[in-house]
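Enquirer: Mind having a look at this structure? Questions to follow.
The values are calculated or read from the model by the stated rules, or taken from the named source; none is laboratory data. Values in this document were obtained by computation on a predicted structure and should not be read as measured data. Because the Cβ atoms are built from the backbone with ideal geometry, glycine has one as well, and the counts that use them run over all protein chains shown. The area values use the complete protein model at the heavy-atom level, side chains included, leaving out ligands, DNA and RNA. Shrake-Rupley method; radii C 1.70, N 1.55, O 1.52, S 1.80 Å.
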Amino acid sequence: MSSIAGPISEGDLELKRRLTSLWETPHTWLAWIATVDHKKLGKRYIYTAFAFFFIGGVEAAIIRAQLFRPENTLVSPEAFNQLFSMHGTTMMFLFVQPVLSGFSFYLTPLMIGSRELAFPRLNAFSYFVFLLSGIFIYWSFIGGHAPDAGWFNYTPLSSIKYSTGVNIDYYALGLLFFGISTTAGACNSIVTILKMRAPGMSIDRMPLFLWSSLTMSVAAIFAMPPLTVGLGMLELERHWHFIFFDVQRGGSPLLWQHLFWVFGHPWVYIVFLPATGMLSMVVPTFSRRPMVGHTFVALATVVTGLVGFGVWVHHMFAVGMPQLSMSFFGAASMTVSIPSAVQIFAWLGTIWYGRVVFKTPMLFALAFVFQFVIGGISGVMTAAIPFDWQITDTYFIVAHIHYVLAGGTLFGVFAAIYYWFPKMYGYMLDERVGKWSFWVMFIGFNVGFFPMHISGLLGMPRRVYTYLPGEGLTALNVISTIGVYVFAIGLLLTLFNLFWSRRAWVPAGPNPWGAATLEWLAESPPEHFNFAHIPVVHSREPLWDGGVTPGPAYDEARLTPRTSTLDATLEEPIEMPEDNAWTLVSSIALLVLFAGLLYRSYPWVIAGFAVTLFSAARWMWPTTTKLLETEA
Ligand code: HEM
Ligand SMILES: [Cu+2]
């Protein structure tokens with residue numbers, strides 16, 4: 001660990017030169033496309049996800065402008081339908097899951113002491129599929145045919161009888177395309193976390209962020225199939241006369257709802273749990289002590305992921321289901337609050353027994369806890385069936401969604417940005433501007449979204465482009481809209497800070513926060529090979545108690561260790577593949593395939609399929625080892 005062991009010896013420099021020549025991505029445009037470096041791809045996931053966040057945010061700003069006053073005519077009812085449908089679909093699929101994946105793909109190898117993810121080329125492929133599936137879905141806006149049946153796209157509204165245009169086909173095929181990226185990414189994370197941890201990092205020493213990434217990935221593997229099947233059924237019914245959801249022909253619209261929510265509820269945990277993992281890294285660092293109840297928090301994360309598969313019917317309490325089954329799902333939904341409470345009290349316990357340093361990452365983390373508690377309580381309220389009958393499909397639900405996914409996940413992501421940015425870019429973000437951004441976001445968010453609980457209790461429906469004067473809703477909506485715009489200013493202050501701080505360039509150094517986990521052992525930004533010597537781990541907080549020693553350099557080839565799943569005993573060094581541009585060809589071929597399905601052009605479908613197979617074979621084919629002559 002040259003950065004820990006003080007001045008760099010000549011031998012270390014030579015070693016670094018060798019490793020750089022093995023791992024560096026050349027500075028050519030082709031290499032830029034072909035790179036399989038997890039750090040570069042992780043950042044691309046984050047940039048692209050935030051580009052979609054920006055678009056989703058503009059859609060929300062227009063929605064709130066339309067609802068600023070009663071009977072407003074800023075946008076038409078049809079345009080409003082497209083705006084909230086695309087806002088929800090964008091935020092839930094194209095922003096929140098990819099941004100969490102981006103942090104996971106960037107951080108996981110560094111946190112486990114590895115040089116790469118298990119499948120670097122698959123990572124490149126899944127990034128390109130994410131990007132192109134997002135562009136595919138947004139192409140619909142060009143012709144004014146954006147999906148307009150909401151983010152959960154209920155039939156019969158989304159069936160061909162009531163949605164004759166291509167709007168819903170963009171939704172269905174676009175998410176089928178996107179799902180390939182999610183499943184590929186999940187496989188990558190699971191194998192990396194279970195098989196590539198540094199020697200000695202046994203499962204009980206694994207950082208909590210990795211428990212949340214692992215749970216997110218395993219849940220994604222099980223959650224995606226019901227959505228995939230549902231979307232396939234919808235397209236087959238819309239264009240090939242199959243019968244699944246059409247009640248007149250013996251189908252059932254409730255089948256869609258079951259399929260969507262068997263996916264959909266686990267999905268909300270998939271896009272929430274990694275943010276709790278981020279908090280479990282930030283809170284101990286700024287409380288200057290290990291996490292209280294580490295093992296319980298790891299278990300609570302897994303249990304939340306598991307129970308999340310048994311509560312989906314709470315989205316369907318108003319469809320007229322038998323009392324008994326609803327009561328079961330109501331009770332199950334309430335039990336989710338138990339593992340969530342374990343996490344909350346563990347964070348509060350760590351803060352209570354710690355010496356808190358109120359840096360910007362910690363402020364975002366504290367706001368996360370406060371807003372998650374509010375979102376959690378409103379969640380438990382909606383699990384009470386009679387209450388849900390009153391507030392389902394009202395603005396109370398809109399408030400609940402945003403307290404958990406914006407007040408929770410988004411604030412968690414901002415804590416992560418301020419915490420890991422110095423590691424990723426090598427310089428510190430300005431604390432003053434950071435604190436400004438935090439307070440403006442915190443006040444704007446709560447002023448914007450809290451009144452929505454009341455609008456909902458007063459009966460304001462969600463997804464309706466206007467409301468009438470004299471119903472007690474005007475003042476609440478004026479406050480909400482102003483709050484949301486203040487929130488937007490706070491968000492933009494952080495964007496400004498990224499560039500403003502670059503001017504001042506305060507170097508970060510390897511471990512600016514004095515944190516405990518391995519990513520802070522690497523340089524800032526990390527070198528192409530992450531670690532000159534693979535770390536050997538002897539404790540859970542290795543940088544706090546000296547529980548890490550330098551291991552093998554593995555500088556003969558692009559090597560990183562494979563270790564056993566539970567104890568992380570070294571099995572052997574495995575070779576990582578080199579950059580390869582065929583991953584992009586495969587994803588473009590898939591785009592052609594899905595465009596062929598959209599326009600029902602079968603030659604395109606066949607061509608796309610053939611090129612996908614051929615190009616995938618090219619980047620999956622084992623290549624010969626590029627061995628570097630080791631000094632005798
Ligand atoms: C950036 C600030 C955001 C603002 C101002 C905002 C605003 C809104 C508003 C006003 C609606 C309700 C539209 C209606 O029914 O009348 C809405 C719906 C929704 N929002 Fe957001 N939102 C934001 C961020 C997010 C984030 C970060 C997520 C998730 C990660 C999210 C997920 C959703 C979902 C799923 C819906 C439901 C869409 C539907 O009904 O199909 N939003 N948002
Ligand atoms: Cu749910």
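Enquirer: Give the accessible surface of region 352-493 per residue, rounded to a whole number of Å², with probe radius 1.4 Å and ligands, DNA and RNA excluded.
Expert: Each residue of region 352-493 exposes 38 Å² on average to a 1.4 Å probe.
Enquirer: Let me check the size of region 208-314 from its C-alpha atoms; what are the radius of gyration and Dmax in Å?
Expert: Rg, Dmax (Cα atoms, Å): 18.6, 64.
Enquirer: Leaving out ligands, DNA and RNA, what percent of the accessible area of the chain is carbon and sulfur, probe 1.4 Å?
Expert: Exposed carbon and sulfur together represent 72 percent of the surface.
Enquirer: Dividing the Cα convex hull volume of region 474-632 by residue count, how many Å³ per residue is that?
Expert: Convex hull of Cα atoms, per residue: 286 Å³.
Enquirer: May I pose another question? Give, to the nearest whole percent, the P(r) tail of region 354-459 beyond 18 angstrom, counting all Cα pairs. Please report the intermediate quantities before stating the final value.
Expert: Values: 2941 of 5565 pairs.
So the portion of pairs separated by more than 18 Å is 53 percent.
Enquirer: Below 8 Å, C-alpha to C-alpha, sequence gap of six or more: please give me the relative contact order for the chain in percent.
Expert: Result for the chain is 20 percent.
Enquirer: I'd like the FRET efficiency for T164 and D567, computed as 1/(1 + (r/R0)^6) with the beta carbon distance as r and R0 of 56 Å, rounded to 0.05.
Expert: 0.40
Enquirer: Same structure, new question: From the phi of every residue in region 326-339, what ³J(HN,Hα) in whole Hz does the Karplus formula 6.51 cos²θ - 1.76 cosθ + 1.60 yield, where θ is phi - 60° and glycine or proline is x?
Expert: Result, ordered by residue: 5, 5, 4, 5, x, 5, 4, 5, 5, 5, 4, 5, 5, x Hz.
Enquirer: Which lysines, on any chain, are close to K40 with Cα under 20 Å apart, when same-chain ones fewer than 8 places away are left out?
Expert: K16, K423
Enquirer: Would any residue of region 316-350 have its amide N under 13 Å from a label point 7 Å out along Cα→Cβ of W389? List them or say none.
Expert: It comes to 317-324, 326-327, nothing else.
Enquirer: M381 to V464: FRET efficiency via 1/(1 + (r/R0)^6), r the Cβ-Cβ distance, R0 25 Å, to the nearest 0.05?
Expert: So, using R0 = 25 Å, E works out to roughly 0.65.
Enquirer: List the aspartates and glutamates whose Cα sits under 19 Å from the Cα of K435, skipping any in the same chain fewer than 8 residues away.
Expert: none
Enquirer: Over the chain, what lengths in whole Å, largest first, do the semi-axes of the equivalent ellipsoid take, defined as the square roots of 5 times the eigenvalues of the alpha-carbon gyration tensor?
Expert: Taking √(5λ) for each eigenvalue gives 41, 30, 23 Å, largest first.
Enquirer: In addition: For region 233-267 and region 406-442, what is the separation of their Cα centres, given in Å?
Expert: Taking the Cα centre of region 406-442 as reference, the centre of region 233-267 is 41 Å away.
Enquirer: Let me ask you something else. Can you tell me the accessible area per residue over region 178-290, all protein chains present, probe 1.4 angstrom, in square angstrom? Provide the component values of the computation, followed by the final result.
Expert: Values: 3110 Å² over 113 residues.
I get 27 Å² per residue for this part.
Enquirer: A further question on this structure: Keeping every protein chain present and rolling a 1.4 Å probe, give me the accessible area per residue for region 530-632 in Å².
Expert: Working: 5510 Å² over 103 residues.
So region 530-632 comes to 54 Å² accessible per residue, rounded to a whole number.
Enquirer: With label points built 7 Å along Cα→Cβ from the Cα atoms of F309 and I142, find their separation and express it in nm.
Expert: If labels sit at F309 and I142, their model points lie 4.0 nm apart.
Enquirer: Could I ask something else about it? Please get the size of the charge dipole for the chain, origin at its Cα centre, with Cβ charges of +1 on Lys and Arg and -1 on Asp and Glu, quoted in debye to the nearest 20.
Expert: Rounded to the nearest 20 debye, it is 740 debye.
Enquirer: Please work out how much accessible surface I160 shows to a 1.4 Å probe, ignoring ligands, DNA and RNA, in Å² rounded to 10.
Expert: Spelled out: I160, probe radius 1.4 Å, area about 70 Å².
Enquirer: At a Cα cut-off below 15 Å, give the aspartates and glutamates reachable from K39, other chains included and same-chain residues fewer than 8 away excluded.
Expert: Within the straight-line cut-off, K39 pairs with E24, E116, E519, E523, E527, E578, D579.
Enquirer: In addition: Just how much of Y427 is accessible, in Å², when a 1.4 Å probe is used and the result is rounded to the nearest 10?
Expert: Around 10 Å² of this residue is reachable by solvent.
Enquirer: Moving to a separate point now. Would you mind calculating the gained length between R355 and I243 on full extension (0.36 nm times residue separation, minus the Cα-Cα distance), in nm to one decimal?
Expert: Working it through step by step, the gained length comes to 34.1 nm.
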